[in-house]
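First the structure, in the form of structure tokens, and then the observations on it.
The values are calculated or read from the model by the stated rules, or taken from the named source; none is laboratory data. Just so you know, these numbers come straight off a predicted model, no measurement behind them. A quick note on method: Cβ atoms are made from the backbone with ideal geometry, for glycine too, and the neighbour counts reach across all protein chains shown.
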Amino acid sequence: MTEPAAPGEDELFNPELATPAWRRRLKASDTGRLAAMLYRRRRVPAQLLRAPGGLRGKPLPAPDPAARRRVRCVVWVPAGPGALDGVLAAWESVQASSPGEVALLVTDDWSPDAHADAITAHIPEALVVRPRFPSGGPPRLWPVTALAVATALRHFDFDLLVKFDADALVTGPGVVDALVSAIASAQSDAVAVGAEDAGTPAAALASAVPVGIGGAFITRPDGAEETDRDYHRRVLDGEVPHDDQLAAWERAARESGWPPGAIVQGSCVVMTRAYCAALADAGALTYRQRLRTIVSEDLLLTMLAYALGFRAASFGGPRGPLAIANKHLPLPLDELVDPESPWLVAHSTRVGLDGESENEVRRRASLARERWPQPTAAR
């Protein structure tokens, strides 16, 4: 059989163009991003009315545990409207990669489909909580983040808390071992972002950190780093004069070596228990942002790591394990799901690098799991 001809360069799929041009232009400016945030918040009244239990206007907290459950890794999946399929697919991939070592925590952001009853009907062991009010979506996700961290601390004795978006997938076996090892390596070798010597404080959280420092994962087709550092620096410059607590944290972070505006990539964020406990001790989990703020949760998580004496690390270099882009997969799907590849987490499944649909990405990732080696017993 004759092999089909390779497409010409002008025929290749460009995932950056999967987003409509008007939306890319809108989000290229600070004013446009603010307008997008306000537009997303139009959904809040409908969420309050349509989400199960919404008319009560109350959160759905998890009951107080009799004892904290010991688990190596708590996987936290934020669930907004339409996220149920993504939550189920993400959890299936995580559990297949590290069976017996993970627990599922879902924050139901007043979703009409990914609420507690719907999720536990498929995953009875899932712990599902809901914030007091809908967040309205990015960038105002700190209340949801604080709820997740507080719930994890209350219910689990864990080593790592991993924020795992519903459009992310685990693509290889042993993901918990790999993340624990990567955190340990970042601490012992002082390869954390901003580290200058082995005496640098321990890495507290990690992702594919696009901050222009060695090890960042290159995600754009033109070879540039996918980073919003300048934007986040401007956001802080406009916010700190009106928020004394934020100003104090920002000042402490800068004094500890934080590159202003540097953030972790929020689609998959690895946090140590020590960092989560420090957030609670510092009052960050009860911190209330201004109503009109556009300071995002990934910016706060990164800045607070430095303010509290930790560092952020990048696991997105050429040896993996995180292959992260914003709205698409950063590498060809066959490479990501190859059991011999170093990549263990891929984001975003919304569209493949070669134009594959989300359903196709999930289907091929599921088929690839059949070739994974049999897991060893959980420790």
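Any idea which of VAL149, VAL144, VAL129 is more than 18 Å from TYR287 (Cα to Cα) and either surrounded by 21 or more Cβ atoms within 10 Å (Cβ to Cβ) or at pLDDT 90 or above (or both)? Write out each step before concluding.
Values: VAL149 fails: more than 18 Å from TYR287 (Cα to Cα); VAL144 fails: more than 18 Å from TYR287 (Cα to Cα).
Selected residue: VAL129, the only one of VAL149, VAL144, VAL129 that is more than 18 Å from TYR287 (Cα to Cα) and either surrounded by 21 or more Cβ atoms within 10 Å (Cβ to Cβ) or at pLDDT 90 or above (or both).
Considering only strands (runs of 3 or more DSSP E) fully contained in the range 285-379, which possess at least 1 residues that are of a type outside the set (A, V, I, L, M, F, W, C) and in contact (Cβ under 8 Å) with a residue 60 or more places away in the chain?
Numbers: elements: 311-314, 322-324, 345-347.
Result: 311-314, 345-347.
Being assigned to a loop (DSSP other than H, G, I, E, B), of a type outside the set (Lys, Arg) and surrounded by fewer than 20 Cβ atoms within 10 Å (Cβ to Cβ) narrows it down to one residue among PRO65, PRO139; which is it?
PRO65
Being within 30 Å of ARG68 (Cα to Cα), modelled with pLDDT of 95 or more and within 21 Å of the chain's Cα centre (by Cα) narrows it down to one residue among ALA312, ALA305, ALA282, ALA278; which is it? Talk me through it step by step, then tell me what you get.
Details: ALA312 fails: modelled with pLDDT of 95 or more; ALA305 fails: modelled with pLDDT of 95 or more; ALA282 fails: within 21 Å of the chain's Cα centre (by Cα).
Answer to the check: ALA278.
Examine the range 165-185 for a residue that is modelled with pLDDT of 85 or more, buried (at least 19 other Cβ atoms within 10 Å of the Cβ) and in contact with a His (Cβ under 6 Å, 6 or more places away or on another chain), and state whether such a residue exists.
Scanning the range 165-185 turns up at least one residue that is modelled with pLDDT of 85 or more, buried (at least 19 other Cβ atoms within 10 Å of the Cβ) and in contact with a His (Cβ under 6 Å, 6 or more places away or on another chain).
Restricting to the range 269-283, name every residue that is buried (at least 22 other Cβ atoms within 10 Å of the Cβ) and farther than 14 Å from VAL74 by Cβ.
LEU279
Per-residue answers, yes or no, for (1) part of a helix (DSSP H, G or I); (2) at pLDDT 95 or above; (3) among the hydroxyl-bearing types (Ser, Thr, Tyr); (4) over 19 Å from the mean Cα position of the chain (by Cα):
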| position | (1), (2), (3), (4) |
| --- | --- |
| VAL77 | no, yes, no, no |
| GLY82 | no, no, no, no |
| VAL87 | yes, yes, no, no |
| GLU92 | yes, yes, no, no |
| GLN95 | yes, yes, no, no |
| ALA103 | no, yes, no, no |
| PRO112 | no, no, no, yes |
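Looking at ASP237 and the list (1) assigned to a helix (DSSP H, G or I); (2) under 24 Å from ALA148 (Cα atoms), which single condition is not satisfied?
That leaves (2) as the condition not met.
Write out, first by first residue and then by second, each pair whose Cβ atoms fall under 7 Å of each other, whose residues are 6+ apart or on separate chains, and whose first residue, in the range 159-174, is under 9 Å from VAL345 (Cβ atoms) while the second is in a loop (DSSP other than H, G, I, E, B) and modelled with pLDDT of 95 or more.
So the pair list comes out empty.
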